[in-house]
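Colleague: What follows is a single structure, and I will ask about it in a moment.
The values are calculated or read from the model by the stated rules, or taken from the named source; none is laboratory data. The shown structure was predicted, so the numbers you read here are calculated from the model rather than taken from an experiment. For neighbour counting, all protein chains shown are included, and Cβ atoms are generated from backbone atoms with ideal geometry for every residue, glycine included. All accessible areas refer to the heavy atoms of the entire protein, side chains included, with ligands and DNA or RNA removed. Shrake-Rupley method; radii C 1.70, N 1.55, O 1.52, S 1.80 Å.
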Amino acid sequence: MNLTELDQQLLWHPFTQHQTMGLPLAIASAKGNYVYDYAGNSYLDLISSWWVNLHGHAHPAIAKAIYKQALRLEHVIFAGFTHAPAVQLCEMIVKELSNNLTRGFFSDNGSTSVEVAMKIAYQYWYNRKQSARKLFLSFSGGYHGDTFGAMSIGQKSGFHNVFTKLCFEVLFVPFPDLHTDNDTVELREQQALKVAEEHLSKHQYSIAAIIIEPLIQGAAGMKICRHSFIEQLIGLIRSKGILVIFDEVMTGFGRTGTTFAVQQLKVEPDLLCLSKGITGGFLPLGLTLATEEIYQTFLGSDLQVAFMHGHSYTANPLACAAGVKSWQLLQQSKTQQAIKIIETTHRQGIKILQENTNNCSNFRILGTIMAFEVNTTDPNFNQKFKQECLLQGILLRPLNNTIYLMPPYSVTAVELLSAYHKIAKIIELLR
Ligand SMILES: *Cc1c(COP(=O)(O)O)cnc(C)c1O
């Protein structure tokens, strides 16, 4: 029995309707910007394998760092103990952010980094004898992960409708994305701010925090809003003394053109969530950063005042060592240059699509991320498009009819442009 047949007997895949989904593609190996199947076919990974890979697959420097670390210290309990890779990784990130975020709490993935931020926010108020603050504010459509807290703030994402009744109450603010209709963006921004103001006037002393994806909503369809809008909204929230959480699980580590999206904004969060690119796509790891002021609120003689949260693999040394090496690669000037080249190549890609298709719209770019919509009435467009891409040797995974590219930084302009030509052809083929 071959691998895919065995898989069908044994495994249950994420976000997959197994009745209608065909067999999964078995991947034998990966190198650089490509993954390879057992027949030797290559697939250019244009979505960084669910937004995690930064420097290409099986990068030897990261692989070596993990191997070296595994021979020295593979894991140790992180309560009461520490180790160099965790301290080093946290120090690098804290130094780069150079804002008020001075404390790092490790966990295992994006969802847990969000849970940690929300629990810290709630307990911050609890410790300050304001336990009435149990509401969270977030954007409609925002996606923050699949655990219950993350699902609750992401209720309007459409990913978790089955579980709505188990989710806690959250106050939502509309997300005025730029591309839906450029002419009305100011109006929609004003409306969003008005909704936020209404929530604040009704619930000011019941709200613990706002949690948002800064600048771009990922899973909602790569929706971008204006910097000035985020600054206005956060300014408003701050003026009421409510905590601000930025979920940079997707935007972190260079995706938006700067190392972190927050570096493009004139406002700062009290808590910041990281994961995905943190290890260069090698191992799962989450990191939640907090201000010193928040951290101080958890100090006291009573254990109950402390943050009673942790995971078995908290700050796993292998993951942290991968993170340190990936960070060093990210800081190299050639990587920074590559990030800029991806952005300019995306602009050329838009021209290719505009010249060779006539049912695409809303072209947008933020750093290394490019997205657009295909206007189609075919309910199976998404599935057909993915399949055609594989036949053409590219790995893409549109969100409904939103096609996006989020390549590793090691992708070359030649590879990207060739992919854009293939994408244009496939869109024409499916029309
Ligand atoms: C992917 C994602 C998460 C969840 O991360 P997981 O590692 O998949 O749990 C949270 N927030 C944002 C913005 C994400 O893109």
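Colleague: Taking the Cα centroid of region 52-109 and of region 241-268, what is the distance between the two, rounded to the nearest whole Å?
Modeller: 20 Å
Colleague: Using θ = phi - 60° and the Karplus relation 6.51 cos²θ - 1.76 cosθ + 1.60, list the HN-Hα couplings for region 146-163 in order, rounded to whole Hz, with x at every Gly or Pro.
Modeller: 10, 7, 5, x, 5, 5, 4, 6, x, 3, 8, 7, x, 7, 10, 3, 4, 9
Colleague: For residue 99 and residue 228, compute 0.36 nm times the residue count separating them, minus their Cα-Cα distance, and round to one decimal in nm.
Modeller: Here the segment from residue 99 to residue 228 would lengthen by 44.5 nm.
Colleague: When only DSSP loop residues count, what trypsin sites (Lys or Arg not before Pro) in region 138-222 have their Cβ near at most 16 other Cβ atoms within 10 Å?
Modeller: Hits after loop and neighbour filter: nothing returned.
Colleague: Separation between the residue 333 and residue 236 pseudo-spin-labels, each 7 Å from Cα along Cα→Cβ, expressed in nm?
Modeller: 4.4 nm
Colleague: Here is a follow-up. Ordered by packing density, taken as the mean number of other Cβ atoms within 10 Å over each peptide's residues, highest first, how do 400-406, 256-262, 91-97 rank?
Modeller: By packing density, highest mean first, the sequence is 256-262, 400-406, 91-97.
Colleague: Here's a follow-up. Set Lys and Arg Cβ to +1 and Asp and Glu Cβ to -1, take the dipole of region 129-255 about its Cα centre, and tell me which of 227, 216, 155 lies farthest positive.
Modeller: 155
Colleague: Something else about it: Please get the size of the charge dipole for region 52-149, origin at its Cα centre, with Cβ charges of +1 on Lys and Arg and -1 on Asp and Glu, quoted in debye to the nearest 20.
Modeller: For this selection, approximately 360 debye.
Colleague: Would you mind telling me the share, in percent, of accessible area of the chain contributed by carbon and sulfur at probe 1.4 angstrom?
Modeller: 55 percent
Colleague: From the C-alpha gyration tensor of region 1-93, pull out the three semi-axes of the equivalent ellipsoid (sqrt of 5λ each), sorted largest to smallest, in whole Å.
Modeller: Working through the eigenvalues yields semi-axes of 33, 18, 14 Å.
Colleague: What does a probe at residue 61 reach in region 261-305, counting residues whose amide N is under 13 Å from the point 7 Å along Cα→Cβ?
Modeller: Residues passing the 13 Å test: 280.
Colleague: How far apart, in nm, are two points set 7 Å out from the Cα along the Cα-to-Cβ line at residue 309 and at residue 358?
Modeller: Between residue 309 and residue 358, the label points sit 5.3 nm apart.
Colleague: From the helices alone, meaning DSSP H stretches of at least four residues, give me the mean residue ellipticity at 222 nm for the chain, per-run term -39500 (n - 2.57), in deg cm²/dmol to the nearest 500.
Modeller: -12000 deg cm²/dmol
Colleague: Let me ask something else. Provide the per-residue ³J(HN,Hα) series for region 248-264, in order, calculated from phi with Karplus coefficients 6.51, -1.76, 1.60 and θ = phi - 60°, each as a whole number of Hz, with x at glycine and proline positions.
Modeller: 9, 4, 8, 6, x, 6, x, 4, 8, x, 10, 4, 10, 4, 4, 6, 9
Colleague: Of the options 350, 376, 387, report the single residue whose Cα projects farthest towards the positive end of the charge dipole of region 344-423 (beta-carbon charges: Lys, Arg +1; Asp, Glu -1).
Modeller: Of the listed residues, the answer is 350.
Colleague: Same structure, new question: For region 20-160, what are Rg and Dmax over the alpha carbons, in angstrom?
Modeller: 20.0, 62
Colleague: Take the Cα atoms of the chain, find their three principal axes, and give me the spread along each one in whole Å, biggest first.
Modeller: 63, 58, 46
Colleague: Still on this model: With the dipole of region 106-260 worked out from charges on the C-beta (+1 for Lys and Arg, -1 for Asp and Glu) around the Cα centre, which of 192, 250, 126 lies farthest toward the positive end?
Modeller: Comparing the listed Cα positions along the dipole, 126 ranks first.
Colleague: Give me the distance between the Cα centres of region 277-314 and region 359-424, rounded to whole Å.
Modeller: 37 Å
Colleague: Collect residues whose amide H, placed 1.01 Å from N in the peptide plane, falls under 5 Å from the amide H of residue 107; neighbours closer than 5 in sequence don't count.
Modeller: 286, 287, 288, 315
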